[in-house]
Amino acid sequence: MEPGRRRRGGERDRISGLPDELLHFILRHLCSAPAAARTSALSHRWRRVWAHTLDLVFGDDLNRGVEGGGASFLDAVDGALAAYSDDRALHVESLKITVPCICGENVTASRVASWLRFATQRLAGAFFLSVPQRKSWPRDNRQNDELELPPCEGATKIKLQLGSLFFLRIPPAGMFGALADLEINQTTMNGRELGLILSSHCPRLQNLTMHVTLVAASDISVRSASLRCLRFHVLNTRRLDIVAPMLEILDASDIADAHIAAPNLAEVVMSNILGQVVVPDAGRHLRLLDVTRCSTMMASSLMRRFDSVINLRLPNPNDDYKTFLDCTKILPMCEILSVSSSVVLNHAFEPSLLNVLRRENGIRKLILFFLYPSMIYILGRLMVVSLKSCSSYEFGKTISLYLFVPIS
């Protein structure tokens, strides 16, 4: 129905008479590119309006009724991207593709590569891609699973959830000049290529999250003048070298050794560190130090490195009472002490914590995390009784106790 025409009964079609800017605003709030494309059937006026919208979302709305191994969803994505406006001056501000689980066996590297090429050519904003895991992974011919992440100058945020399907390759040349946030999950990468994107391809990168596996054990170097938050969980990393003067948050796991040059470091979370962590340039004070998943030796070494920590999270005091005492001989000053326990009958739990609390460490708040709700009635009640009987005269201060259990 054309602008100015009337519906049956004499009612004027006021929506079709709106300017393109308002129609684009309406279509953006559908949060679905296919739904926006279906408005083409309303009238000649609507035929190409959707192809100029700035947000393209393919996701949950197409999961219902997906048949044929998900081919209809994949074809809908391909068709919509191919039919999008040819106006090269028009840039997509957001491209989000969430592939339903039924499509897992049919998502090929060549298909995903075409979506990445569209993002490279048309995106000036955020790109999100989530692909489900394929049950038959790994396949014998790995070369067919190689997927290249092409440089994308206009992308400001990229999040890839690749379902362990592909071997992600990084080209040696090209830049992600505007990229501030990058997250890559569930894929395999080459250590040298990973180093390229971490140190040279992203000059404005501020937040980086990696959950990937290297094809072979490798040393990884991160050199960035802009990076502020690094969450590094990369299997097969031998040594991690970081030079990041602006880095404030570091969360790393499953590495052999680490050398960290980050003078502004404020939060440190370390898990499953096999060797040594050297932090020569950081200050003596942290907002957070989490060593709950570190060995006793590693936890002790990191705690000795800092004079004060606002929130200190200690390893689980198990039945090895002496080991925990050795680990906590020298503690930084802290306001909040957090401890977790996954063992119901943990006889060392209460005496270990009381030994820590008796020291002059400035602790004002004790937070206990229990794996099972029943542990609140055993270990939690025991700590409540102990703190009530001791805090008034033995600690010389009042300690607030908080108990947490997971919600089932």
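Points to keep in mind about this one:
- Selected residue (only one of Asp281, Asp257, Asp290 is assigned to a loop (DSSP other than H, G, I, E, B) and touching a strand residue (DSSP E or B) at 6+ places or on another chain (Cβ under 8 Å)): Asp281
- Residue check for Arg313: among the basic types (Lys, Arg), out of contact with any His (no Cβ under 8 Å at 6 or more places or on another chain) and open to solvent by 50 Å² or more (accessible area, probe 1.4 Å): yes
- Count of region 196-214 residues which are within 18 Å of the chain's Cα centre (by Cα), open to solvent by less than 70 Å² (accessible area, probe 1.4 Å) and of a type in the set (S, T, N, Q): 3
- If the condition is being outside any loop (DSSP other than H, G, I, E, B), modelled with pLDDT under 75 and open to solvent by 60 Å² or more (accessible area, probe 1.4 Å), then region 332-373 contributes no residue at all.
- Selection from region 135-163 of residues that are surrounded by fewer than 17 Cβ atoms within 10 Å (Cβ to Cβ), at pLDDT below 90 and of a type outside the set (D, E, K, R): Ser136, Trp137, Pro138, Asn141, Gln143, Asn144
- Within region 215-236, the residues that satisfy the criterion of being under 19 Å from Met270 (Cβ atoms) and either open to solvent by 50 Å² or more (accessible area, probe 1.4 Å) or touching a Gly at 6+ places or on another chain (Cβ under 7 Å) (or both) are Asp219, Ile220, Ser221, Arg228, Arg231, Leu235, Asn236.
- Of all residues in region 175-186 being in a strand (DSSP E or B) and modelled with pLDDT of 95 or more, the one that is nearest to the chain's Cα centre (by Cα): Glu183
Okay, residues lined up against (1) crowded, with 19+ Cβ neighbours inside 10 Å; (2) touching a strand residue (DSSP E or B) at 6+ places or on another chain (Cβ under 9 Å); (3) part of a helix (DSSP H, G or I):
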position	(1), (2), (3)
Asp78	no, no, yes
Leu81	yes, yes, yes
Asp86	no, no, no
Leu95	yes, yes, no
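- Search result, residues across region 242-296 that are polar (S, T, N, Q) and over 19 Å from the mean Cα position of the chain (by Cα): Asn264, Gln276, Thr292, Ser295, Thr296
- Qualifying residue in region 86-97 (condition: within 15 Å of Phe128 (Cα to Cα), charged (D, E, K, R) and modelled with pLDDT of 80 or more): yes
- For the condition β-branched (Val, Ile, Thr), at pLDDT below 95 and either in a strand (DSSP E or B) or within 23 Å of the chain's Cα centre (by Cα) (or both), Val234 does not qualify.
- In region 240-257, the residues that are open to solvent by less than 60 Å² (accessible area, probe 1.4 Å) form Cβ pairs under 6 Å with partners that are hydroxyl-bearing (Ser, Thr, Tyr), at six or more places apart or across chains, as follows: Asp241/Ser221; Ala244/Ser224; Ser253/Ser271; Ile255/Thr237.
- Ser221 being assigned to a strand (DSSP E or B) and not aromatic (Phe, Trp, Tyr): yes
The values are calculated or read from the model by the stated rules, or taken from the named source; none is laboratory data. None of these values were measured; they are calculated from a predicted model. No Cβ is skipped: glycine too gets one built from the backbone with ideal geometry, and neighbour counts run over all protein chains shown. For accessibility, only protein heavy atoms count, side chains too; no ligands or nucleic acids. Shrake-Rupley method; radii C 1.70, N 1.55, O 1.52, S 1.80 Å.
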